[in-house]
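The values are calculated or read from the model by the stated rules, or taken from the named source; none is laboratory data. Small disclaimer: the values here were computed from a predicted structure and weren't measured. Counting neighbours? That spans all protein chains shown, and the Cβs are built from the backbone with ideal geometry, glycine included. These accessible areas exclude ligands, DNA and RNA; they are computed on the full protein's heavy atoms, side chains included. Shrake-Rupley method; radii C 1.70, N 1.55, O 1.52, S 1.80 Å.
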Amino acid sequence: MQKYKCAVVGCGRIGALLEFDTKREKPATHIGAYKHSELFDLVAVCDINEKRAKWVSERLQIPQYFKDVEEMLDKVDLDVVSVCTPPDGRFEVICSLAEHPKKPRLIFAEKPIEVNLYEAEAIKEICRKNEVKLIVNHTRRFSYAFNSLRYDINFNKFGELLLFRGLFSGDVISDGVHMADLVNWFSTEETAISVENVKSPYLIFEVDLIFSDARVMIKDNGARFELYRPKESRRYQNIEELELVEVLPYKFSFSEAMLNALKEIDYCLRLNKDPSCGADEGIEALRLALKWRAGKV
């Protein structure tokens, strides 16, 4: 089987360094996912910090390293390139990739797609114009757990979604786009939205979905999905109250989601299909996160 030749631009945390975190489930990065998959041949890494690129290539046994994206494309034939640079520089990197004479067939960009909406829209247009497919890594889109939940929602297992309530810590853009994408993915025009960026010193990412016939609470940063159903109250006559009836068999796994994303890359390239999470989804998540940052939660 012929493998896709791939490279990673940006050897920071999500590109490479989390592979050395002993507590993280593996693979924990783009490099780790490519090396774990039988579909891909990781042939190069690139970082403006050449010493870091060299160190990563040696430690993770990647054949070539580069400091410059265009030099990498000049010297290596690539099908897929992951862009894991800081978000405020992704426009320049993605443009360099998409407009190069030896452009890759697909770019797998970390979220957020950019931090500037104008440049995010420009990324979409440049990739379209140059016929380069673009996938944005809103990781939960590739998770069995969140896809299973969305399947149940679409098939009316819980009734109408009345309220989407979310809590998240961290930066409104870099971290908040995860929540923004879930809002866009799960809710309808009739769904009430309540999201809060919690200024806590610890990690928090929780979602509370209030349906007409049930309630689903996503806790422990996605590790626990609780289902509540209305039951006859033990305290009040002729009133129903919610009761925990099941811990759903869903559990978010970043590693699983990353490997599923690579399967989608294969699907898009092999069958010439559009990705399920592309520029449009990345732009809309960024648009919503920018509204939150402006205080329009």
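When only Cα pairs under 8 Å and 6 or more residues apart are kept, what is the percent relative contact order across the range 141-297?
RCO, the range 141-297: 26 percent.
Going from most exposed to least, what order do His36, His178 have by accessible area with a 1.4 Å probe? The partial results should precede the final answer.
Details: His36 115, His178 35 Å².
Largest accessible area first, the list is His36, His178.
Between Glu240, Glu25, Glu38, where does the largest GNM mean-square fluctuation fall for the chain, given springs only between Cα atoms within less than 10 Å?
Maximum fluctuation in the GNM of the chain, among the listed residues, is at Glu240.
Counting only Cα, what are the radius of gyration and maximum Cα-Cα distance Dmax of the chain, in Å?
20.6, 76
Which loop-located trypsin sites (Lys or Arg not before Pro) does the range 198-236 contain, where loop means any DSSP state but H, G, I, E or B and the Cβ has at most 16 other Cβ atoms within 10 Å?
Working: sites: Lys199, Arg215, Lys219, Arg224, Lys231, Arg234, Arg235; in loops: Lys199, Arg234, Arg235.
In loop regions of the range 198-236 (DSSP not H, G, I, E or B), the sparsely surrounded trypsin sites (Lys or Arg not before Pro) are Lys199, Arg234, Arg235.
Over the range 1-132, consider all pairs of different Cα atoms and compute the Kirkwood hydrodynamic radius from their mean reciprocal separation; express it in Å, one decimal. Intermediate values should be presented prior to the final figure.
Values: mean 1/r = 0.0678 Å⁻¹.
Hydrodynamic radius (Kirkwood, Cα pairs) of the range 1-132 is 14.7 Å.
Classify the range 25-98 from the C-alpha gyration tensor, please: rounded if a/c falls under 1.5, else prolate or oblate depending on whether a/b exceeds b/c.
Note, shape of the range 25-98 comes out rounded.
Please list, or write none, the aspartates and glutamates whose alpha carbon is within less than 18 Å of the alpha carbon of Lys124, excluding same-chain residues fewer than 8 places away.
Counting by Cα, and skipping residues close in sequence, Lys124 has these aspartates and glutamates nearby: Asp88, Glu92, Glu99, Glu110, Glu114, Asp181, Asp274, Asp280, Glu281, Glu284.
May I ask you to derive the relative contact order of the chain, considering only C-alpha pairs under 8 Å and at least 6 residues apart, and to give it as an integer percent?
17
Please report the orientation-averaged projected area of the range 112-237, defined via the convex hull of its C-alpha atoms, in nm².
Mean shadow area of the hull around the Cα atoms is 10.4 nm².
Step through the table entries Lys3/Lys23; Lys3/Lys75; Lys111/Lys251; Lys51/Lys129; Lys26/Lys103; Lys219/Lys273, compare each Cα-Cα distance with 28 Å, and write down the pairs that go over it.
Lys3/Lys23; Lys51/Lys129; Lys26/Lys103; Lys219/Lys273
Once the convex hull of the alpha carbons of the range 194-297 is built, what does its volume come to per residue, in cubic angstrom?
Residue-normalised Cα hull volume stands at 179 Å³.
Given a 1.4 Å probe and heavy atoms of the protein chains only, how would you sort Lys273, Lys251, largest accessible area at the top?
Details: Lys273 90, Lys251 135 Å².
Highest to lowest solvent-accessible surface, that is Lys251, Lys273.
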